[in-house]
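The values are calculated or read from the model by the stated rules, or taken from the named source; none is laboratory data. In this text, all values refer to a predicted model and were calculated from it rather than measured experimentally. Cβ placement follows ideal geometry from the backbone for every residue including glycine, while neighbour counts extend to all protein chains displayed. The protein model used for the area step is the full one, side chains on, heavy atoms only, and it has no ligands, DNA or RNA in it. Shrake-Rupley method; radii C 1.70, N 1.55, O 1.52, S 1.80 Å.
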Amino acid sequence: VFHGRILARRPVGQETRYEVEVKARYRQRFPLVSREYLWVPSTCGCPELREGAEYLLMARRHVNHEHTLNRILLQEGGYARPWTPREARLVREAARHC
């Protein structure tokens, strides 16, 4: 779970790749750097994330069986909400209990 600002959006094959500035990390099972690529497995980019907007995102690390692919994946129906201070507070509180 992290707070990110969308810097760019680009369709790549049958997927959409977003360049994201990671602004805050709330719950981490894998390390994130300040700039990451977030992949969405559709060309519509659903959920569509607007460039310049900030979101609270729950994504997972996707590594293929050959370990040649290691990326952050926002699955269809994944959690992507516009970031607000209230959302951030709720996530911080939940992270303390989980």
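In plain terms, the bigger the Kirkwood radius, the slower the diffusion; for the chain, with that radius from Cα pairs, at 25 °C and 0.890 mPa s, Stokes-Einstein puts D at 179 µm²/s. Per residue, the accessible area of the chain comes to 64 Å² when a 1.4 Å probe rolls over the protein heavy atoms.
For the chain, the longest principal axis of the Cα atoms and the long axis of helix 85-97 meet at an angle of about 80 degrees. Of VAL91, VAL40, ALA53, which is farthest on the positive side of the dipole of the chain, counting Cα position, with +1 on Lys and Arg Cβ, -1 on Asp and Glu Cβ, and the Cα centre as origin? Positive-end residue among those listed: VAL91.
Per atom type, the chain shows carbon and sulfur on 49% of its accessible surface, probed at 1.4 Å. Dipole magnitude for the chain: about 400 debye, using +1 per Lys or Arg Cβ and -1 per Asp or Glu Cβ, origin at the Cα centre.
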